[in-house]
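Colleague: What follows is a structure written as structure tokens; I'll ask about it next.
The values are calculated or read from the model by the stated rules, or taken from the named source; none is laboratory data. Source: prediction; values computed, not measured. Here Cβ is always computed from backbone atoms with ideal geometry, including for glycine, and neighbour counts include all displayed protein chains. The area values use the complete protein model at the heavy-atom level, side chains included, leaving out ligands, DNA and RNA. Shrake-Rupley method; radii C 1.70, N 1.55, O 1.52, S 1.80 Å.
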Amino acid sequence: MGHVIEMRNINKGYMLGEDKVPVLKDICFSVDEGEYVAILGPSGSGKTTLMNIIGCMDVMDSGEYYLNGRAIHETDEEDLTEVRNEEIGFIFQNYQLIPTYNVVQNIAMPLLMRGMNHREAEKACVETIKLLGLSHRTEHRPNELSGGQKQRVSIARALVGQPAILLADEPTGALDQQSGKEVLKLFKQLNDLGNTIVMITHDLGVAKSAKRIVRIVDGRLSEEDGEPTMA
């Protein structure tokens, strides 16, 4: 199994007035196919910037980034849109569902963006909908769903295009404790099925559900040693 993500000496800073403030400092990070990794860090640690670079939503100042063998640091913006759609399944804290679309239409979005017609896309969603336990909710719109159900729709949407990685940003952040536990249990099941998951969180309890924890503090990464993993 090769690296799905390989980052070498990634640096990123932002201009603050006349000065450039470094946010990521010489980040080296790799994720193998089938891994489940949590990137753990407090607010202001650089974890959101790192997530945006992993997700091809922002570009680094220097360094090399390979995603599924593709040199992202040499890829132009137009092609990055394609990479985001095909290689990355995004799972957001606030779900980012389209309120006027029902469950099936929301899940089918990545496929529609690839040029599939509605009928094909909705047919291609059937197995994912079943896997996520949403078969009885297909005609519902987001405002008719609980938080946990919305996050399941969000996960199904991320999964349906068979991306190289699932990238989850504080996936339990908007959920009550029980719904949060169910989402983490679901992540474990998806990882057991072979999906590669990278989860960004500030919560150690959430991070411990992953099989590997990487900490980010003040823009630098360090591997967590000796943390117990939870089944």
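Colleague: Are any of the residues in segment 19-32 closer than 29 Å to I213 by Cβ, out of contact with any helix residue (DSSP H, G or I) (no Cβ under 7 Å at 6 or more places or on another chain) and assigned to a loop (DSSP other than H, G, I, E, B)?
Modeller: No, the conditions are met nowhere in segment 19-32.
Colleague: Restricting to segment 14-31, give me the number of residues that are in contact (Cβ under 8 Å) with a residue 60 or more places away in the chain and either of a type in the set (G, A, S) or open to solvent by 50 Å² or more (accessible area, probe 1.4 Å) (or both). Talk me through it step by step, then tell me what you get.
Modeller: Step one: of segment 14-31, the residues in contact (Cβ under 8 Å) with a residue 60 or more places away in the chain are 22-29, 31.
Of the ones still in play, those that are also either of a type in the set (G, A, S) or open to solvent by 50 Å² or more (accessible area, probe 1.4 Å) (or both) are 22, 26, 28.
Here the count works out to 3.
Colleague: Does segment 102-124 contain any residue that is within 25 Å of M7 (Cβ to Cβ) and either touching a Lys or Arg at 6+ places or on another chain (Cβ under 7 Å) or not polar (S, T, N, Q) (or both)? Before you say what the answer is, go through the steps one by one.
Modeller: We begin by selecting, within segment 102-124, every residue within 25 Å of M7 (Cβ to Cβ); these are 110.
Those left that are additionally either touching a Lys or Arg at 6+ places or on another chain (Cβ under 7 Å) or not polar (S, T, N, Q) (or both): 110.
Looking through segment 102-124, at least one residue is within 25 Å of M7 (Cβ to Cβ) and either touching a Lys or Arg at 6+ places or on another chain (Cβ under 7 Å) or not polar (S, T, N, Q) (or both).
Colleague: I would also like to ask the following. Please enumerate the residues belonging to segment 101-153 that are under 18 Å from P171 (Cβ atoms), in contact with a Pro (Cβ under 7 Å, 6 or more places away or on another chain) and open to solvent by 40 Å² or more (accessible area, probe 1.4 Å).
Modeller: K150
Colleague: Let me ask something additional. Considering every residue within segment 60-81, establish whether at least one is crowded, with 16+ Cβ neighbours inside 10 Å, of a type outside the set (D, E, K, R), within 30 Å of N143 (Cβ to Cβ) and modelled with pLDDT of 95 or more.
Modeller: Within segment 60-81, not a single residue is crowded, with 16+ Cβ neighbours inside 10 Å, of a type outside the set (D, E, K, R), within 30 Å of N143 (Cβ to Cβ) and modelled with pLDDT of 95 or more.
Colleague: Considering (1) closer than 30 Å to V21 by Cα; (2) open to solvent by 20 Å² or more (accessible area, probe 1.4 Å); (3) touching a residue at least 40 places away in the same chain (Cβ under 8 Å), say which one P171 fails and leave the rest.
Modeller: (2)
Colleague: Further, regarding this structure: Among G219, G148, G161, which is the only one that is touching an Asp or Glu at 6+ places or on another chain (Cβ under 7 Å) and either closer than 21 Å to V31 by Cβ or of a type in the set (K, R) (or both)? Show your work before the answer.
Modeller: On the way: G219 fails: touching an Asp or Glu at 6+ places or on another chain (Cβ under 7 Å); G148 fails: either closer than 21 Å to V31 by Cβ or of a type in the set (K, R) (or both).
Matching residue, one of G219, G148, G161: G161.
Colleague: Let me ask you something else. Could you tell me whether segment 177-184 includes any residue that is crowded, with 22+ Cβ neighbours inside 10 Å, out of contact with any Lys or Arg (no Cβ under 8 Å at 6 or more places or on another chain) and at pLDDT 95 or above?
Modeller: no
Colleague: Also, I was wondering about something else. For segment 1-54, give me each residue that is of a type in the set (A, V, I, L, M), in contact with a His (Cβ under 9 Å, 6 or more places away or on another chain) and over 20 Å from D218 (Cβ atoms).
Modeller: Passing the criteria: only V31.
Colleague: Another question, if that's okay. Anything in segment 185-219 that is within 19 Å of N52 (Cα to Cα) and open to solvent by less than 30 Å² (accessible area, probe 1.4 Å)? List them, or say none.
Modeller: T196, I197, V198, M199, I200, T201, A207, I213, V214, I216, G219
Colleague: Exactly one condition in (1) modelled with pLDDT under 95; (2) more than 23 Å from I39 (Cβ to Cβ) is false for E144; which is it?
Modeller: (1)
Colleague: Criterion first (in contact with a Gly (Cβ under 7 Å, 6 or more places away or on another chain) and either basic (K, R) or closer than 25 Å to N102 by Cα (or both)) does A121 satisfy it?
Modeller: Values: in contact with a Gly (Cβ under 7 Å, 6 or more places away or on another chain): no; either basic (K, R) or closer than 25 Å to N102 by Cα (or both): yes.
So A121 does not fit the description; no.
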